[in-house]
Structures are given as C-alpha cells and as structure tokens.
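Right, one structure below, let's go through it.
The values are calculated or read from the model by the stated rules, or taken from the named source; none is laboratory data. Not measured: the values here are computed from a predicted model. Here the Cβ positions follow ideal geometry from the backbone for every residue, glycine too, while neighbour counts run over all protein chains shown. Heads up: the accessible areas ignore ligands, DNA and RNA and are worked out on the full protein's heavy atoms, side chains in. Shrake-Rupley method; radii C 1.70, N 1.55, O 1.52, S 1.80 Å.
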Amino acid sequence: MVGEPTLPRSSFSTLFARSPVKFVDATPLLSEARAIKTAQEVERMRLANELAALAMDYTREHMKQG
C-alpha cells in the first residue's frame, strides 16, 4: 500500500457530492480482503522477516558507540 492514498482528494469529494449515483466507502471491505493472504504472500512475509532479523543481528554485532 505504499504510495496509495488513504483519503480521497477534495476534488473527488466534490465530484461525488454532485453525482446522482450513491457512493459508499469500501475501505472496510478492502481492509478485510487485504488481510487474507495467499501461501506465496505468507512465504514472502516470512522471508522479509528473516532478512530483517539477520540485518538486526548484524547491526547489533557491529554497532560502536559514537
């Protein structure tokens, strides 16, 4: 979701207010859908966590005061 806006710009809000079509906020639905992960996504998350842990361990071992 990096770079994805979480709130509509005011121009969109103005446009929606004048529209004869009723718009509803789909944020809860999208959040629920994004919470469901495929096996590939879970594996990528595990790998990212492993890499972050390795980086933290390396950093901890090589840190020096100052």
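Restricting attention to region 46-61, does a residue exist that is modelled with pLDDT under 95, of a type in the set (S, T, N, Q) and either assigned to a loop (DSSP other than H, G, I, E, B) or surrounded by 10 or more Cβ atoms within 10 Å (Cβ to Cβ) (or both)?
Looking for residues that are modelled with pLDDT under 95, of a type in the set (S, T, N, Q) and either assigned to a loop (DSSP other than H, G, I, E, B) or surrounded by 10 or more Cβ atoms within 10 Å (Cβ to Cβ) (or both), one finds none in region 46-61, hence no.
Being of a type in the set (A, V, I, L, M), modelled with pLDDT of 80 or more and open to solvent by less than 90 Å² (accessible area, probe 1.4 Å): is that true of A39 here?
yes
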